[in-house]
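The values are calculated or read from the model by the stated rules, or taken from the named source; none is laboratory data. This structure is a prediction, so every number in the text was calculated from the model and none was measured. Here the Cβ is made from the backbone with ideal geometry for all residues, glycine too, and neighbour counts use every protein chain on show.
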Amino acid sequence: MRLRAILAVFPSAADAWRADLAELQSTGLDSKSIHAIIEARKGVDPQKEYEQVVQNKIDILTWDDPTYPKLLKQIGDPPPVLYIRGTLKEEDAWAIGVVGTRHVTTYGRTVSETLARDLAANHITVVSGLARGVDGVAHQAAINAGGRTIAVLGCGVDIVYPPDHRKLAHEIVEHGALVSDYPPGTQPEGVNFPPRNRIISGMSLGVVVIEAGEPSGALITSDFALEQGREVFAVPGSIFSKASKGTNKLIQKGAKLVTCVADILEELNISMVTDYIATQEAAPENDTEKAVLGQLSHEPTLTDDLVNKLNLPTEVVTGTLAIMELKGMVRQANGTSYVLAREGPTPYG
């Protein structure tokens, strides 16, 4: 909110950084915030900070970056800056948050492994918080299944917390990303973790809570999900288990009961992700393929109509169609007409 107030007055954050006291006061910020900016300038060199980030192979995304996660940008308070180690991909729009207790039971561990594995098998990215317990199990299971996973941290991405997840963090960088809105060097203080949970839910189509006591960080994540208009799922557990008190109560309040990954996919109407990903992998390679693809639908289109609409030679259109058919992008409806080969959902269900 403070940054939005600043950017409403100044052309850029750089201009605000160089502004004098009177100019900063024109933003309407309270004196404490203005004083903090002025004090920060005394000990911070933006160029050196940037060089350190580059040296540590950390990427930076801001609100204005076209690759900023689309789902996260939709929430009410998206982080203005994200620090990333690893790679965020377009396919990560298909993501589910998997969260739960640090003190996971044998039952919770088995459920976490099963759901994360099956989500990965369906090309769904697993988002969690790198904590011990459910988080760590879910990250590892997704990686073991050959899938992608994203860990949202309550510290800088150059710091691994808990320390015993150092190997896991390295694997996540190779199969997804470590993400934080805290600058590099930020230590894992307790107050940092509840706010980061809004990013876990914000990057996800829905959040599944596997085990959670009362109160718990996992329930905070589910609250954020509800505020953001995301689906909340919960795995039922024994009425005698402290670890399942929170999840059972979520189900009482209306969370979708989950017994298998199909419950999640069906509720979100994303059971066709595999076909959608396959279609994306067969993306058009040139302008002619793009033009042909733009004229096709799931209703048959005559080859002659394509020739007329695109104003291209017949042999160019027929040759392009033949190549696209081999790539699995289109198929013949009959001898003289074509349709799209697959139909996929949008990244928002």
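Looking for whichever is touching an Asp or Glu at 6+ places or on another chain (Cβ under 6 Å) and in the same structural domain as HIS103 (by TED's automatic domain parsing) here; the options are ALA169, ALA145, ALA141. Which one fits?
ALA141
Can you pull out every residue in the stretch 69-88 that is assigned to a loop (DSSP other than H, G, I, E, B) and either at pLDDT below 95 or buried (at least 19 other Cβ atoms within 10 Å of the Cβ) (or both)?
Selection gives PRO69, GLN74, ILE75, GLY76, ASP77, PRO78, PRO79, PRO80, LEU88.
What residue, among those in the stretch 90-121 that are among the β-branched types (Val, Ile, Thr) and assigned to a loop (DSSP other than H, G, I, E, B), is surrounded by the fewest Cβ atoms within 10 Å (Cβ to Cβ)?
Taking the candidates together, the pick is THR105.
Within the stretch 28-53, work out how many residues are part of a loop (DSSP other than H, G, I, E, B) and over 32 Å from the mean Cα position of the chain (by Cα).
Within the stretch 28-53, residues that are part of a loop (DSSP other than H, G, I, E, B) and over 32 Å from the mean Cα position of the chain (by Cα) number 2.
What's the number of the only condition in (1) small (Gly, Ala, Ser); (2) under 18 Å from LEU205 (Cβ atoms); (3) in a helix (DSSP H, G or I) that ALA141 fails to meet?
(2)
If a residue has to be over 14 Å from the mean Cα position of the chain (by Cα), of a type in the set (A, V, I, L, M, F, W, C) and farther than 17 Å from THR221 by Cα to count, how many in the stretch 121-153 make the cut?
6
What residue, of TYR83, TYR107, is in contact with a strand residue (DSSP E or B) (Cβ under 7 Å, 6 or more places away or on another chain) and among the aromatic types (Phe, Trp, Tyr)?
TYR83 is the lone residue from the list that is in contact with a strand residue (DSSP E or B) (Cβ under 7 Å, 6 or more places away or on another chain) and among the aromatic types (Phe, Trp, Tyr).
I'd like to verify a number: residues in the stretch 313-328 that are touching a residue at least 24 places away in the same chain (Cβ under 8 Å) and touching a Phe, Trp or Tyr at 6+ places or on another chain (Cβ under 9 Å), how many?
Number of matching residues: 2.
Among the residues of the stretch 101-135, how many are of a type in the set (Gly, Ala, Ser) and in contact with a Pro (Cβ under 8 Å, 6 or more places away or on another chain)?
Qualifying residue count for the region: 1.
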